[in-house]
Structure formats: structure tokens, C-alpha cells
1. Given +1 on the Cβ of Lys and Arg, -1 on the Cβ of Asp and Glu, and no further charges, what dipole in debye does the chain carry about its Cα centre, rounded to the nearest 20?
2. Distance between Cα centroids, region 276-298 to region 301-329: provide it in whole Å.
3. Filter the chymotrypsin sites (Phe, Trp or Tyr not before Pro) in region 161-251 to those in DSSP coil with at most 15 other Cβ atoms within 10 Å of their Cβ, and list the result.
4. Taking 8 Å as the Cα distance limit and 6 or more residues as the minimum spacing, I'd like the relative contact order of the chain as a percentage.
5. Is region 156-272 best put as rounded, prolate or oblate by its Cα gyration tensor, with a ≥ b ≥ c the root eigenvalues, rounded for a/c under 1.5, and otherwise prolate when a/b is larger than b/c, oblate when not?
6. Evaluate the distance, in nm, between pseudo-label points positioned 7 Å from the Cα of residue 370 and of residue 408 along their respective Cα→Cβ axes.
7. Using a Förster radius of 41 Å, what is the FRET efficiency between residue 82 and residue 241 based on their Cβ-Cβ separation? Nearest 0.05, please.
8. Return the aspartates and glutamates within reach of residue 289: Cα separation strictly under 19 angstrom, same-chain partners fewer than 8 residues apart disregarded; answer none if there are no such residues.
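Coordinate-derived values only; no laboratory data. Model, not experiment: these values are computed from the prediction. Cβ sites come from the backbone with ideal geometry, for glycine too, and all protein chains shown count toward neighbours.
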Amino acid sequence: MSALSGKTILLGVSGGIAAYKAAEIVRTLAQRGASVRVMMTRNAREFITPLTLQTLSQNPVATDTFSLTEESQIGHIRLADSADAVLIAPATANVIAKAAAGIADDILTTVLLATRAPIAFAPAMNVHMYAHPTVIENLTRLRTRGAIIIDPAEGELACGYEGKGRLPDLAAIAGVLERLLSTHDLAAERILVTAGPTQEAIDPVRFVSNHSSGKMGFAIAGAAWRRGAQVRLIAGPSALATPFGVERIDATSAASMLSATAQNFQWATVLVMAAAVADFRPAHPAAEKLKKNSRGLELKMAPIADELPRLALKKVTRLIIGFAAETENLEANARDKLKRKRLDLIVANDVSQPGAGFGVDTNIVTLYGTDGIAESLPKMSKDEVADKILDRLAVLRAAKSKRLRAVR
Ligand code: CTP
């Protein structure tokens, strides 16, 4: 369940071209169970109508501090008090400057001063405006006072320029709010996640790989960050966007993934190995591109040593979670890997079932722990599976800490 469920989010929309995206922001937050109350500046209403946002949020939109009707329906102080979190998106350079200076000359800026809820700003503006020293200074002032600044994304801007200044994607914005409102049960953890496939070179232009999309591992990385953890994601070749807040390290082959994992192992308190690492690689990759011929091509494949059990020997206080993607004998294979790889938990899925495994957005898994508990989960989204795995991690952590205290 999203940390936004049952929460009231005040969405402040200011007057930049990205204001048209406010409609999608309202929908995204509402889909995650939040009650959204919108307030708009006068200029924002030039880009999108209050009626659109009122219809989507199913709540009245506040536009005017001095309106008799609005004040009688819900006064600006009550509006400020009702918020669990405030999101200003898009935040223009003008609204950022006003907030930094404490100016309260409209409903949005007045509520910013009156609220006790955490505030996140999602700046969106022209690249040169965003780089202007005044804007940088104002954002720093807001940050020092505890506001969260959601870094804009890079790309093509509505003004015709390319660069930093786009409103980040909706999942990132929602993720920041979820982190803000979550209980941070994983705040003490540094979680290293591997995800995606590996590619083993045949020659400089061809490779052997598998169907893994990386979706499950990316979902775990994002969910762990939202629950307060620090997260590093070692990603095999994948087109997926890096989850907001997560530090990404790219790897291509099994060897490069292993070396990145070993390098970051000391840093981590938890290792989640969701990558589909190759078990074989072409024994003699060609230095030059292989030419077509009528005899075909015979590839000799060499085994890739699985270093995971050896790494696990060094784990002490660390927890290690592995995956088993199987097409037969799910339980027996998963339990065998749990033991052989010295894992604390294994997430097993039968990839031959529809709605489970590679490429799709859902998964059907069973979690087997060293605590003997087997938990079969119904088909659910990979985001939901990620949270279930992390719930189990929190339980395993509590048990491990208790055991370690008893030994000392
Ligand atoms: N794994 C890994 N490095 C490898 C091989 C596997 O980190 N070189 C991890 C995977 O990320 C996964 C777990 O080990 O979490 C199980 O992977 P899997 O390929 O199912 O296990 P194998 O030992 O290769 O078993 P098999 O090929 O016999 O199914």
C-alpha cells in the first residue's frame, strides 16, 4: 500500500507551462490513495483551468485568499492545517523567490507560511533561469529550512531549449512524497540491489543475454528508497529509468556485475540479487566482427562461476536476498538455492506462468526464509511485490538483531 493512502496532499500549482501537467499529478496522487486539494496562483490559471483540477481531485480548488465563498468553505488556515504534505509543482522561479523571502501575497504563498506539514518543491523552468544564481540561492535557502527540492529532469524544454528544467516524471514526484510520508522503517539500511540481464560478448557487435527486463529489481530499489533506505542499484543493460533517489551503477557482463557487487558489498547492510546473471559465456569472444559463412557458427560456452556463496561468507550482520526464476520444481529448487547460496530469503517465481517473471509488470512469487516461513503471494504488481519483500526484510532484520544481541 502506498504511503500516500489516506493522506491529504496540498498541491500548489504556479504559473509555468508545466502547469498543464498538474492534471496528471492530481491523478497519480489520487490513484495512490491520496486526497488531493489544489491551490493555484493567478498565472497558473492562464495555463490550466481550476475546473479541470477540481473535477480530477473531486475537491474545491483554492484560488483566492480574499474570496468570501472560498474562505467560508475552507479557510486558508484550515487548508494549511489539513495537509499531511505540500507539493508545489510546477514551482516557478517567482514562487520559489517568494517562498524563500516569506512573501505571502496569494493563497499558495500564504499557505506555505501557515502550514506545519513538510513541503516539496518541483521546480520547472527555462534552463538559464534554473541556473541563475538568484534561483540557486533561493533553493538553497528553502533546503536549509527543511524543504525538499525535487531536482528537475534534463531534456527538451517547452521554451525550445535543451537542458535541466523539465518537471520530473510523475512516478518520481509521487515517490518523493511517499518517502516524505513513509514510516522510514528501512532508514538504518544501505541496500545494494542487482537487477536486469547481463550480456556476454560473442564478438564486438553480438552477445548472449536473457529476457530479464530489470523491472523487479528496479521496483525494489525505488521502494527501499521510499522507505528511508540508502540505495545503490547495479543495473545490467536496461532501458528502465533509474528510480528517483537511487544511485545507479551500470554493468554489462556477469564479470562486471560481480566486480561492482564485490566493490559495494562492504558499504551495504543488505544485498538483494534480483539480476538474471548469465551462467555461461562464449569461451572465446572474437576480437573482430564474425563474418557470415555457409557453415554456420559453433559457439563453445564456458561456465561463469557464481561468487555469491563466497561473498555471503563475509556477511556477518548483512542480510542477503536472492531470486530463483524457475520453470519446474519451484519449491525444491528455491529451497536448495536458499541453502547453497547462504541466503536469508529467496524470492521464487515460476516464469512459465502468465503474469509472472520477465518483461511483465506483475509477478507471482513465494518467499522462502531461513526462518522456515514460506509466504505465497497472489499475482500483484512488481511495486507491491517489492514492498512485500521489504516487509519480510524488516522482520528478518529484527530477528537477526535480536540473535546478535543474545550472542553478545
Ligand atoms: N546469482 C548471482 N551471480 C551469479 C549467478 C546467480 O548473483 N553468477 C544470483 C541471482 O541474482 C539470483 C540467485 O543467484 O538471486 C539465483 O540465480 P539462479 O541463476 O537462479 O541460480 P543458479 O545458481 O544459476 O541456478 P540454476 O542455474 O541451477 O538454476
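1. Numbers: 49 positive and 40 negative charges, 295 e Å.
Using only the charged Cβ atoms, the result is roughly 1420 debye.
2. 26
3. Details: sites: 161, 207, 218, 225, 244; in loops: 161, 244.
Qualifying residues, ordered by number: 161.
4. Values: 847 pairs, mean separation 42.5, N = 408.
Once divided by the residue count of the chain, the mean separation gives 10 percent.
5. Details: a/c = 2.36, a/b = 1.19, b/c = 1.98.
Oblate shape, in that a/c is at least 1.5 and b/c is the bigger or equal ratio.
6. Each label point is offset 7 Å from its Cα along the Cβ direction, giving 1.8 nm.
7. Details: r = 33 Å, r/R0 = 0.79.
After rounding to 0.05, the efficiency reads 0.80.
8. 200, 203, 298
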